[in-house]
Amino acid sequence: MNALTFWKTSTLVLAGALAFTAGNAVPEAQAETQPHMRAALQNLKDAEKQLENATHDKGGHRAAALKLTRAAIEQTKKGLEADNNNAVLPE
């Protein structure tokens, strides 16, 4: 084996080893159970029910709070979904 062939072979072997090591060194993201987000979602749903059952004599503030609470519910759901979609689930 001449020197040039040796260097080509050793370079390819080292590059392959580096790629293998780098690929295995990065831990896979895992879907989290997200207890805080799930608790927040449940609390928001509870708040929504309370606001729906409250009397309507609040000068429009109850309706505004209900609208914002529903928006918060949707954003929380999207946050849960985004985290789960970005995770690489273990096989």
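What's the magnitude of the charge dipole for region 32-91 around its Cα centre, counting Lys and Arg as +1 and Asp and Glu as -1 at the beta-carbon? Answer in Debye, nearest 20.
Details: 9 positive and 9 negative charges, 70 e Å.
Value, rounded to 20: 340 debye.
Starting at the first residue of region 34-41, write each ³J(HN,Hα) from the Karplus equation 6.51 cos²θ - 1.76 cosθ + 1.60 with θ = phi - 60°, in whole Hz, x for Gly and Pro.
Here the 3J(HN,Hα) series is 6, x, 6, 5, 5, 5, 4, 4 Hz.
Compute the length gained on full extension between residue 36 and residue 52: take 0.36 nm times their separation in residues and subtract their Cα-Cα distance, giving the result in nm to one decimal. Display every interim value, and only then the final one.
Values: separation 16, 0.36 × 16 = 5.76 nm, distance 2.41 nm.
Residue separation times 0.36 nm, minus the Cα-Cα distance, leaves 3.3 nm.
Where a number appears in this text, it was derived from the coordinates with a stated rule and is not lab data. Owing to the predicted nature of the structure, the values given are computational and were not obtained by experimental measurement. In this analysis, Cβ positions are derived from the backbone assuming ideal geometry, glycine residues included, and neighbour counts consider all displayed protein chains.
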